[in-house]
Amino acid sequence: MPLEQIRQSIESHLIEGCWFDPDAWHIPRFSFHRLNAFGLNDYLWYEFEALDYTEADTDSSSIDELLRRITA
């Protein structure tokens with residue numbers, strides 16, 4: 001799948017064009033999040049910044065799985 005097509009698919013499911021809920025997308029949260037003064041998590045949404053190819057040895061089906069999760 002072309003990189004531009006993947007990017008467009010992801011961006012079409014973002015909140016206000018740049019945010020996403022990692023829980024809804026089944027992405028693990030970072031372990032360093034802290035609670036604010038009100039006892040609430042300051043990092044409810046994550047920001048999508050960019051997408052690029054990698055030369056690392058990865059599972060090629062992982063992008064397909066991500067796109068299935070966010071479009072469900």
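None of the figures in this text is laboratory data; all of them are computed from the coordinates on show. Just so you know, these numbers come straight off a predicted model, no measurement behind them. No Cβ is skipped: glycine too gets one built from the backbone with ideal geometry, and neighbour counts run over all protein chains shown.
How far apart, in nm, are two points set 7 Å out from the Cα along the Cα-to-Cβ line at Leu66 and at His26?
A separation of 1.5 nm, rounded to one decimal place.
Sort Thr54, Thr71 so that the residue with the fewest other Cβ atoms within 10 Å of its own Cβ comes first and the one with the most comes last.
With the fewest neighbours first, Thr54, Thr71 line up as Thr54, Thr71.
Quickly work out the Ala56-to-Ile6 label distance, labels modelled 7 Å from Cα along the C-beta direction, and quote it in nm with one decimal.
Computed distance between label sites Ile6 and Ala56 equals 1.2 nm.
Return the long-range amide H neighbours of Phe48 (sequence gap of 5 or more, or a different chain), with a cut-off of under 5 Å between placed amide H atoms.
Trp19, Phe20
Could you please rank Ser9, Ser62, placing first whichever residue has the fewest other Cβ atoms within 10 Å of its Cβ? Mind showing how you got there, number by number?
Details: Ser9 16, Ser62 9.
Least crowded to most crowded, the residues run Ser62, Ser9.
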